[in-house]
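S.K.: Can you keep this structure in mind? I'll have questions shortly.
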Amino acid sequence: MRQVVSARIGAWRLTVSSLLLSLLAAHAGAQVGTSPVAGIADRTPRTVALTHARLVVKPGSVVEDGTLLIRDGMIVAVGSKVAIPADAAVTDLGGRSVFAGFIDAGSDYGQPAPAPPARGEGMGRTPAASEASAGAGHWNRRVTPERRVAETLKPDAARAGALRGNGFTSVLSTPKQGVFRGQAALVSAADGGRLNELLIAPQAALQVAFEQARGSDDYPTSLMGAIALIRQTFLDAQWQQQRLSWQDKHRQAERIEANDALDALTPALAGRQPVIFATDDELDYQRALAIAKEFSLRPILAGNGHEYRMAAELKSAAVPVIVPLKTVEAPAIEDPDLALDVSLGELEHWAWAPFNARVLAEAGVDFALTAGALKKPDEFWPALRKAVEKGLDESTALAALTSRPAAMLGVDDRVGTLERGKRADFIVADADLFRSDKARIHETWIGGRRYEIGPGPTDVRGSWMLTWHGITGPAQVEITGEVAEPAVTAGSVSVPATINQRQLLLYPPGSLFGRSEERLALVASVDGDRLQGRVPLPGGTEAVVSGQRTRPAPPVAAKPASRPPLPASPLRYPAGEFGRSGLPAQPAAVVVRNATIWTQGPQGRLDGADLLVENGRIAAIGTGLAVPRGTVEIDGRGKHVSPGIIDAHSHIAIARGVNEGSHAVTSEVRVGDVLDPTDITVYRQLGGGVTAAQLLHGSANPIGGQAQVIKLRWGADAQGLRFDGVTPTIKFALGENVKQSNWGSEFTTRYPQTRMGVPEIMLDQFLAARDYAARRAEKGAAPVRRDLRLEALAEVLAGTRIVHIHSYRQDEILAFVRIAQRMKFVPVFQHILEGYKVADALADLGAGASTFSDWWAYKMEVVDAIPYNGALMTAQNVVVSFNSDDGEMARRLNTEAAKAVKYGGLSETAALDLVTRNPARQLRVDDRVGSLERGKDADFVIWSDSPLSTLAYAEQTWIDGRKYFDRAEDRAEQARIDGERARLIAQILPERVKALAKKGDKPAKKDGAAAPEPKPDGHAHDHDDGFGLDRLRPIYHDGESIHLCSGLEAH
């Protein structure tokens, strides 16, 4: 009996060091506080030594059998030969691995739930200025860079525990509402009553997003408006600094108003603080980088899971990216009808998304990983291990969770690695943590404070020497197997065993002890390399055993992970249907032989002629042309060749809002900021011979936004679409839309509400712009705030920007003619369906007219439209073009032009001018395109018949001497698409069936359960408001036509 008691006392002693360690660590912290001590001060030594550990000091640097020494919550020594001070509490980790604590740079930890929409928001109500923000804030309530998460963050014990359970020791809590969302705070995931103890970096980064308002009168309602607001706000902050500096030297000058929001942008503009840009899709990367370049910011991109599509561009930009771990569900393809609704791009994304991090790593992109996009904490490790399984190197994965986010946020001198002088933030885990589902985290330490992570088995594997009292048993056992499923052998005898935390249960056969019982039960308590246990025996007695681990289990060499191949679907751009692996080749020389060539220039129409192109430019037109060696020859017999069609009024390829329909004047917004090169309409219009288009702002306000002329270079990025060197343009509008007719009873507060107010606000803005330009030109005066809204209008007055104005009725047309005469600029009138009534006035002004061929009667203000309009204005020497204002009609603008032959008797050449040479003249690009003449860009179309024939179709469309559309290649591409879809659907189907089984075998509804991703939080518009349909469309949409210059869709 004395032996039994002694054994129990020994087992209690074994746990004393662990209990003492917990008590010491519970009082540890990495901050020195200022609170007065209540009662007796706690002077417990705060030195801890963790020995016999595998220390992953930083990615790629490992110390085997090392010691980590912690004092006062900081790492003071790390290595294999660390002297342990006498006051240290020592614990033996038994070979477990120690990793630096993880940092999540994309969390919303500790933030209150988003505020509900303001009363009336989403119904067109304009918030009062007093609602914009509290204090000396910005005029726009979505601009709150002065908001500090550190001031409102409320620690959440339950969520902090979940974070620690996944290995996160600190998180960047980022604000989630607004355009300028505020200052993100880096906080620890420790438990603590006071925020003071948790803050690591209270203003770690500025958070910016391209958020759009829900209400149509609440600026900004569009992506282009959000970008304009960002640009203007940064300019205002720069101006404020300049003005304050000037005021210090001019004490008698008028003082500028206080503005905490602009003050808060100073660190970012000075490069002292990183700016995190939230992105909703891969096109937002370029937008964010453009802003960062314009203002010399330190950008970090908060990704969206599609980074693999732009890996090369991200590498080239040398920008760090916070990459979300995501679980991509199998698309709903189990029903053939449902499968038709899933695009090839979505199918390809399912295949590529798990490789996202690997692709970035192989491309050399600097990235961190975040769990912020996962729905539940327990999804983190499966998602991370999935990325490792798909080829992400473990060391790179560790860096993406530790050293890289620390470096991005400028706190790598404090956290991110196990180096001397850094916070004692780390985890104790199994070595195969990143690849094995059975591996686990045992402890998480934050600021020197130890948190045991749930009940988990102790690793008892190795060789053990045993000493028995009260029975004769085996002197040695070997324990192998898994940590949670140990396999015990005594000699050649296998002993069933289980492990529950530190308690080891063995069921050896009685024969091992020379006894007759079939099995005995041994209950042992394990602490490090020692154990104490007991064996109950018949008659109420028991034997005891003590043990010492003499050799840990040899590390199991990790099997070389087979690096899976990347998906068979090659990455194309745009993703999905008809994407390209690169831009079409540009042959050094191309000649089209023996075709009917419509030059639309001085040579007129030539039969049996040749067109020679060299290096993307037209070199010669004639018969029997001599060509350089190696020239690509195209047989043009029976074919017609024309200049590429130019659409002077289009709304294609514009992302997340064609209108900034909030304010009456939005001349600061730029369509060029929001180009969408993934719009399939671009490719479809190439099939109709369109090579260039003017992308106009909508008609929701009297003075809209700046337009962008593009070439339809399908396969290029947004920058590659731009038609460089073009005179800038801007959209104005007259009529019903701008006075908010038929918008609903909620839209009655914005000026103007009548037609008579429209020219007044235009004139007022022009006068303001003239005054602004004069003040900007003044030397030696106070710094003038750069006003992007007035700047664009001043360019109109200076003749460097062309006004394109939406118009219908003759009275309004004449009113604007008078404004143009007074302000001395020459506009182009769009639609202008009553232009035939005032053609003489247009001709006197020199104004252009871009109209429809025969649209009419779609609303009251167009009831006087006639199909002779274009011909009648042409007869008065007005430069007239026909446009589409529609994604679908643009594919047949050649036959729209042909209608002018029937209605008005224009010659065939003059009719084709309406969609080639004349729109080029209106856009002032006729020195480059619009006709086939030597030296001009090689933008041309090869037609099967006369381009004015209803039987004609475009066989080839060339831009800059590159073939962007070929009818034969299109047929081959359709076959490739069908094959790719079938192959991917076959791959997805088994996973989809498994997913359905887990959900209770409920197939997706027709609208698709897993096909579309949720709308980004930055612009979650409801369908039931009836407005802004274009804002709802994501990139890679199906190209469904939306008419944006008529009806309610104008806003």
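S.K.: Could you list, in sequence order, the residues of segment 853-870 that are surrounded by 20 or more Cβ atoms within 10 Å (Cβ to Cβ), at pLDDT 95 or above and out of contact with any strand residue (DSSP E or B) (no Cβ under 8 Å at 6 or more places or on another chain)?
M.R.: Ala865
S.K.: How about segment 543-593: which of its residues are among the polar types (S, T, N, Q) and either at pLDDT 90 or above or under 30 Å from Ala718 (Cβ atoms) (or both)?
M.R.: Listed by number, the residues that qualify are Ser546, Gln548, Thr550, Ser569, Ser581, Gln586.
S.K.: Going by the structure shown, is Gly961 in the same structural domain as Asp854 (by TED's automatic domain parsing) and surrounded by 19 or more Cβ atoms within 10 Å (Cβ to Cβ)?
M.R.: In short, yes.
S.K.: Would you be able to say whether some residue in segment 325-342 is assigned to a loop (DSSP other than H, G, I, E, B), of a type in the set (Lys, Arg) and modelled with pLDDT of 95 or more?
M.R.: Scanning segment 325-342 turns up no residue that is assigned to a loop (DSSP other than H, G, I, E, B), of a type in the set (Lys, Arg) and modelled with pLDDT of 95 or more.
S.K.: Provide a single number: the residues in segment 64-111 that are assigned to a strand (DSSP E or B) and either among the basic types (Lys, Arg) or touching an Asp or Glu at 6+ places or on another chain (Cβ under 8 Å) (or both).
M.R.: Result for segment 64-111: 6.
Residue by residue, here is whether (1) closer than 21 Å to His52 by Cα; (2) of a type outside the set (Gly, Ala, Ser); (3) out of contact with any helix residue (DSSP H, G or I) (no Cβ under 6 Å at 6 or more places or on another chain) holds:
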position: Ala387; (1), (2), (3): no, no, no
position: Leu409; (1), (2), (3): no, yes, yes
position: Gly416; (1), (2), (3): no, no, no
position: Asp430; (1), (2), (3): yes, yes, yes
position: Arg440; (1), (2), (3): yes, yes, yes
position: Glu443; (1), (2), (3): yes, yes, yes
position: Arg449; (1), (2), (3): yes, yes, no
position: Glu452; (1), (2), (3): yes, yes, yes
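S.K.: What pairs come up if the first residue lies in segment 749-763 and is touching a residue at least 12 places away in the same chain (Cβ under 8 Å) and within 16 Å of Asp217 (Cβ to Cβ), the second is part of a loop (DSSP other than H, G, I, E, B) and small (Gly, Ala, Ser), and their beta carbons are under 7 Å apart, counting only those six or more places apart or on different chains?
M.R.: Short answer, once both residue conditions are applied: Arg750/Ala664; Tyr751/Ala664; Pro752/Ala664; Ile761/Ala664.
S.K.: Oh, and also: Out of everything in segment 604-646 that is more than 28 Å from Gln694 (Cβ to Cβ) and of a type in the set (S, T, N, Q), what residue ends up being surrounded by the fewest Cβ atoms within 10 Å (Cβ to Cβ)?
M.R.: Only one residue tops the list, namely Thr623.
S.K.: Of the residues Ala972, Ala952, which single one is surrounded by fewer than 20 Cβ atoms within 10 Å (Cβ to Cβ) and at pLDDT 95 or above?
M.R.: Result of the check over Ala972, Ala952: Ala972.
S.K.: Can you name the residue in segment 280-320 that is farther than 21 Å from Ile230 by Cα and acidic (Asp, Glu) and is also surrounded by the most Cβ atoms within 10 Å (Cβ to Cβ) among such residues?
M.R.: Glu307
S.K.: Please find, among Ala439, Ala429, Ala397, the residue that is touching a Ser or Thr at 6+ places or on another chain (Cβ under 8 Å) and among the hydrophobic types (A, V, I, L, M, F, W, C).
M.R.: Selected residue: Ala429, the only one of Ala439, Ala429, Ala397 that is touching a Ser or Thr at 6+ places or on another chain (Cβ under 8 Å) and among the hydrophobic types (A, V, I, L, M, F, W, C).
S.K.: From Gly870, Gly887, grab the single residue that is out of contact with any Pro (no Cβ under 9 Å at 6 or more places or on another chain) and closer than 24 Å to Val682 by Cβ.
M.R.: Sole residue among the options that is out of contact with any Pro (no Cβ under 9 Å at 6 or more places or on another chain) and closer than 24 Å to Val682 by Cβ: Gly887.
S.K.: Another question about this same structure. With the condition being more than 26 Å from Met873 (Cβ to Cβ) and among the aliphatic types (A, V, I, L, M), I'd like the helices (runs of 4 or more DSSP H) fully within segment 738-856 carrying at least 2 qualifying residues.
M.R.: Output list reads 757-777, 788-797.
S.K.: For the structure I just gave you, tell me whether Ala820 is in contact (Cβ under 8 Å) with a residue 24 or more places away in the chain and over 29 Å from Gln247 (Cβ atoms).
M.R.: Answer is yes for this residue.
S.K.: While we're looking at this one, here's another question. Can you find, within segment 829-852, the residue that is surrounded by the most Cβ atoms within 10 Å (Cβ to Cβ) among those that are out of contact with any Leu (no Cβ under 8 Å at 6 or more places or on another chain) and either without any contact (Cβ under 8 Å) to a residue 12 or more places away in the chain or of a type in the set (Ser, Thr, Tyr) (or both)?
M.R.: Ser850
S.K.: Then there's this: Could you look through segment 465-490, keep only residues that are surrounded by fewer than 16 Cβ atoms within 10 Å (Cβ to Cβ) and of a type in the set (A, V, I, L, M, F, W, C), and pick out the one that is nearest to Pro538 (Cα to Cα)?
M.R.: Ala475
S.K.: Among the residues in segment 709-727, are any in contact (Cβ under 8 Å) with a residue 40 or more places away in the chain, outside any helix (DSSP H, G or I), touching an Asp or Glu at 6+ places or on another chain (Cβ under 6 Å) and not assigned by TED's automatic domain parsing to the domain that holds Tyr285?
M.R.: No: zero hits.
S.K.: Looking at Thr800, is it assigned by TED's automatic domain parsing to the domain that holds Asp647, under 28 Å from Trp855 (Cβ atoms), modelled with pLDDT of 95 or more and hydroxyl-bearing (Ser, Thr, Tyr)?
M.R.: no
S.K.: Being touching a residue at least 12 places away in the same chain (Cβ under 8 Å), of a type in the set (Val, Ile, Thr) and touching a Lys or Arg at 6+ places or on another chain (Cβ under 8 Å) narrows it down to one residue among Thr950, Thr957, Thr895; which is it?
M.R.: After applying the criteria, what remains is Thr957.
S.K.: Search segment 361-385 for residues being touching a Ser or Thr at 6+ places or on another chain (Cβ under 9 Å) and part of a helix (DSSP H, G or I), and hand back the single one that is surrounded by the most Cβ atoms within 10 Å (Cβ to Cβ).
M.R.: Among those residues, the one meeting the criterion is Ala361.
S.K.: Looking only at segment 237-290, which residues are among the basic types (Lys, Arg), modelled with pLDDT of 95 or more and not in a loop (DSSP other than H, G, I, E, B)?
M.R.: Arg243, Arg287
S.K.: Of the residues Arg891, Arg917, which single one is out of contact with any Ser or Thr (no Cβ under 8 Å at 6 or more places or on another chain) and either outside the structural domain of Leu734 (by TED's automatic domain parsing) or crowded, with 20+ Cβ neighbours inside 10 Å (or both)?
M.R.: Exactly one of Arg891, Arg917 is out of contact with any Ser or Thr (no Cβ under 8 Å at 6 or more places or on another chain) and either outside the structural domain of Leu734 (by TED's automatic domain parsing) or crowded, with 20+ Cβ neighbours inside 10 Å (or both), namely Arg891.
S.K.: Go through segment 61-93 residue by residue and tally those that are small (Gly, Ala, Ser), touching a strand residue (DSSP E or B) at 6+ places or on another chain (Cβ under 6 Å) and touching a residue at least 60 places away in the same chain (Cβ under 8 Å).
M.R.: Number satisfying all stated conditions: 2.
S.K.: From Glu307, Glu346, grab the single residue that is in the same structural domain as Glu379 (by TED's automatic domain parsing) and closer than 25 Å to Asn166 by Cβ.
M.R.: Glu307
S.K.: Of these, Ser745, Ser667, Ser699, which one is surrounded by fewer than 24 Cβ atoms within 10 Å (Cβ to Cβ) and in the same structural domain as Tyr858 (by TED's automatic domain parsing)?
M.R.: Just a single option satisfies the conditions, and that option is Ser745.
The values are calculated or read from the model by the stated rules, or taken from the named source; none is laboratory data. These numbers come from a predicted model, not from an experiment. No Cβ is skipped: glycine too gets one built from the backbone with ideal geometry, and neighbour counts run over all protein chains shown.
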